[in-house]
Amino acid sequence: MKTSELTLTNREEISRFLVLGRNFTQIGSLVGRDKSCISREVNRDGMDRWSYRACRAHQHAIKQKKLQGRKKKLDQNSELCEAILIQLKKRYSPEQIVERLKIEYPDNKHMRISLQTIYSYLYVVPKKTLRRELLRCLRQQKIYRRKKGHPEEKRGKIKDLVSIEDRPKEVEDRVIPGHWEGDLIIGKWKQSAIGTLTERTTRTTIIVPLKNKNTETVRKAFAKEIKVLPERMRKSLTYDQGAEMNQHKLFTKDTKMMVYFAHKSSPWERGTNENTNGLIRQFFPKGTDFNKISVKELKTVQDLLNDRPRRCLGFKKPIEVFNELLQ
């Protein structure tokens, strides 16, 4: 039988037999329960065979039974549930949802929820297909990044590169906007790619469609996106030492943006962009063939990321902070 079906009398008997030194098999036989039932009963709620108390165990069992019969908060509040599901499908993290609800519903206490409640709800959603869909919306974080060979040996040297060490100090503190970080995300079999640009102060993201990865195509595609920006938001670009940025001098001439290069194999020097690439991978996982992804799809993801609240921005959205700075 289940441990919840034990009576107070049963628990008192278990307590007495434990004092007498009986094992779980013997106690189960005497009480009329399976030994696994006795084991669970004795070891739950932080107790063991030496600290087990019948009254404490019985009170805990009653409390748990009441909790099991109680309706979950999200089942009682359909408006809150709908708001959370919408934001999950926009790839907001549970923390972002919690903080964003405070901003969007400042005077509505019914639109408040804790992180633990969201996670608990996700893992007990009854419909398996719905649960899988919602759990896929959570960001999957890897503990470590695998090294793949020695990229510094495979890449050619970029002529006349300007090191990140010569970058103005104003870029470091993120107070002055207009400084960007860039990179490529490579597609299936390394046969396709997209470009990514992230503004360091506002975390604004630009996804750059690319027909191929050659130097001229990359330069023109990045320049096209940059030139749409207001002049005050075009100050510098920090890039890794990928060969696709060999025409950096032409890029600077075309956009009036200086390009600075991070040290080889030092992705943390472009941490904002690296983090953004991780977010983009939620939508386009490894193995994606970007030749089959339309510009409309890329820009839809771009808009979702710019409409996503960030902890580093006080849970404001990049688009909100970007527009505030322009005003």
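Miscellaneous remarks
- Of the residues making up segment 213-258, those that are under 16 Å from Ile185 (Cα atoms), among the hydrophobic types (A, V, I, L, M, F, W, C) and surrounded by fewer than 19 Cβ atoms within 10 Å (Cβ to Cβ) number 2.
- Residue list for segment 191-223, filter: among the charged types (D, E, K, R) and in contact (Cβ under 8 Å) with a residue 12 or more places away in the chain: Glu199, Arg200, Arg203, Lys213, Glu216, Arg219
- Among the candidates Phe315, Phe261, residue that is buried (at least 17 other Cβ atoms within 10 Å of the Cβ), farther than 30 Å from Tyr105 by Cβ and in contact (Cβ under 8 Å) with a residue 40 or more places away in the chain: Phe261
- Of all positions in segment 39-52, none carries a residue that is surrounded by 11 or more Cβ atoms within 10 Å (Cβ to Cβ), at pLDDT below 90, among the aliphatic types (A, V, I, L, M) and part of a helix (DSSP H, G or I).
- The lone exception for Thr300 - which of (1) modelled with pLDDT of 95 or more; (2) surrounded by fewer than 17 Cβ atoms within 10 Å (Cβ to Cβ); (3) within 22 Å of Arg232 (Cβ to Cβ) it fails: (3)
- Single residue of Thr255, Thr238 found to be farther than 22 Å from Val295 by Cα, under 30 Å from the mean Cα position of the chain (by Cα) and among the β-branched types (Val, Ile, Thr): Thr238
- Flag if Arg33 is touching a His at 6+ places or on another chain (Cβ under 7 Å) and charged (D, E, K, R): no
- Whichever residue in segment 69-118 is acidic (Asp, Glu) and either touching a helix residue (DSSP H, G or I) at 6+ places or on another chain (Cβ under 6 Å) or touching a residue at least 40 places away in the same chain (Cβ under 8 Å) (or both) and, among such residues, is farthest from Gln282 (Cα to Cα): Glu99
The values are calculated or read from the model by the stated rules, or taken from the named source; none is laboratory data. Please read all numbers here as calculations on a predicted model, not as lab measurements. Note that each Cβ is placed from the backbone with ideal geometry, even for glycine, and that neighbours are counted across all protein chains shown.
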